[in-house]
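These notes are about the structure you will find just below.
The values are calculated or read from the model by the stated rules, or taken from the named source; none is laboratory data. What you are looking at is a predicted structure, and each value in this text was computed from that prediction instead of being measured. Don't worry about glycine lacking a Cβ; one is built from the backbone with ideal geometry, like all the others, and counts go over all protein chains shown.
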Amino acid sequence: MQIAVIGGGAAGFFGAITCAEANPQAKVLLLEKTNKLLSKVRISGGGRCNVTHNCFVPTVFSQYYPRGGKQLKEAFKVFGARETVNWFEQRGVKLKAEPDGRMFPVTDNSETIVNCLLQEAKKAGVEIRTSTAVEKIVPVNDGEQVHFIVELGKGESIKVDKVLVCTGGNPKSPGYDWLRQLGHTIQEPVPSLFTFNVPSSPLKELQGVSVPHARVRIAGQKLEYEGPLLITHWGYSGPAVLKLSAWGARHFYEQKYAFTALIQWLPELTEESLRQNLQQYRQAHPKKIVSTNPLFGLPQRLWQGLTQLAEVPEQVRWAELPAKNTNKLVEALLRLPVEVNGKTTFKEEFVTCGGIELRELSMKTMESRVQPGLYFAGEVLDIDGITGGFNFQAAWTTGYLAGKAMAAKTA
């Protein structure tokens, strides 16, 4: 049995290794169009590789996917985060969990993961060819069963029994045309996981200031997310923004990345409890200067910035603070409006919302319902998670299911 795996990333390697281990008789050939293997694995998590997330309940894990979570629920019961941790540990790579749930190799070096995958592929007998682009997949039905002609550049082609496509997300729709030719529907690709550009940000002078817990809400929408928030020289970043960008990827694209976001710096307080707190502080410390004594654990620079937005005079004391400035301060703390206009890709970790329509696959085997013998795994699918190891876990899971299914089907 001849199998071609297209794409030398996380899903491609996992699919190839799983298939070759499960069926040593199968000849597995992995094709990568660039001269680099596992490039996203190398740069992920700042070069540490965020392998998965410390959550071992499939139904909970699947809730971290703006697209594809429902369909992955059963898949995670077969091969989820626990199985990923075990898989790497059995091969000598121990993982550790950080307080935010992200899991990394204990070496804090992505090369540990890269070397493990390269080593396992070699051990399992996977043949790897780099700088080999696939131009077309042609299904051929010779009466008995379907096989495929995989057309490579320079007039070369190979005949295989099964094909696993793991070519990752593509930011441009025409990048999926060769898969449309096989009869598959593509959910149009749009960016996910990006930061918000706020050219007119009233707080841009505070770049580098962060808070551990804020809520970002989109005006007029049900979209909101809580988490750490970072002020940058171009606008806002941090997990609260990145994760919100994933949930709202299609909406923000339709809005051409121009919308109003409302920042709640104190998500644990209601307007009523905030006013009570301010009133109590005013009574207890009437002589303290408002702008130089930050409350609620907010950073000094942020507090000063918010009091300036509330037009609080620099030297005014709490006892002298007019009601209109108190009201403006409450607004700035609970509902600071910022006009977003544009986005910035987060580091090199570009993630695409969109890809192969999941209804056209069996989610148990990752085999196409449109073209038997054709399989898909990883980011080429219309699956994407928020930051924190979820996109890699989807790659390991779908690669594993496809690899097992291809190995089980005898040619």
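Values computed for the structure shown
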item	result
Close pairs (7 angstrom Cβ cut-off, 6 or more residues apart or separate chains): closer than 23 Å to Ala16 by Cα in region 95-116, of a type in the set (S, T, N, Q) and at pLDDT below 95 anywhere	Ser110/Ser44
Pairs with Cβ under 8 Å, 6+ apart, first in region 293-322 and within 20 Å of Ile263 (Cα to Cα) and among the aliphatic types (A, V, I, L, M), second crowded, with 16+ Cβ neighbours inside 10 Å and at pLDDT below 95	Leu309/Pro202
Qualifying residue in region 228-251 (condition: at pLDDT 95 or above, among the aromatic types (Phe, Trp, Tyr), outside the structural domain of Thr18 (by TED's automatic domain parsing) and in contact with a helix residue (DSSP H, G or I) (Cβ under 7 Å, 6 or more places away or on another chain))	no
Some residue of region 337-344 being more than 30 Å from Thr387 (Cβ to Cβ), in contact with a helix residue (DSSP H, G or I) (Cβ under 9 Å, 6 or more places away or on another chain), surrounded by 15 or more Cβ atoms within 10 Å (Cβ to Cβ) and in contact (Cβ under 8 Å) with a residue 12 or more places away in the chain	no
In region 305-327, the residues that are assigned to a helix (DSSP H, G or I), within 27 Å of Thr195 (Cα to Cα) and not β-branched (Val, Ile, Thr)	Gly305, Leu306, Gln308, Leu309
Residue match in region 110-125 (condition: in a strand (DSSP E or B), touching a strand residue (DSSP E or B) at 6+ places or on another chain (Cβ under 8 Å) and either over 30 Å from Ala249 (Cβ atoms) or not small (Gly, Ala, Ser) (or both))	no
Residue in region 360-377 that is of a type in the set (Lys, Arg) and either closer than 25 Å to Gln63 by Cα or at pLDDT below 95 (or both) present	yes
Criterion violated by Arg369 - all others in (1) under 26 Å from the mean Cα position of the chain (by Cα); (2) in the same structural domain as Tyr65 (by TED's automatic domain parsing) satisfied	(1)
Residue list for region 280-304, filter: over 25 Å from Gln207 (Cβ atoms), in a loop (DSSP other than H, G, I, E, B) and among the hydrophobic types (A, V, I, L, M, F, W, C)	none
Any hit, region 260-275, residues being in contact (Cβ under 8 Å) with a residue 24 or more places away in the chain, touching a strand residue (DSSP E or B) at 6+ places or on another chain (Cβ under 7 Å), outside the structural domain of Ser200 (by TED's automatic domain parsing) and among the small types (Gly, Ala, Ser)	no
Residue count for region 178-225, restricted to those that are surrounded by fewer than 20 Cβ atoms within 10 Å (Cβ to Cβ), assigned by TED's automatic domain parsing to the domain that holds Glu360 and part of a helix (DSSP H, G or I)	2
Top-ranked residue of region 139-174 - restricted to ones that are assigned to a strand (DSSP E or B) and without any contact (Cβ under 8 Å) to a residue 60 or more places away in the chain, ranked as surrounded by the most Cβ atoms within 10 Å (Cβ to Cβ)	Glu151
Helices (runs of 4 or more DSSP H) lying entirely in region 8-91 (those with 2 or more residues that are of a type in the set (Gly, Ala, Ser))	10-22, 39-47, 69-78
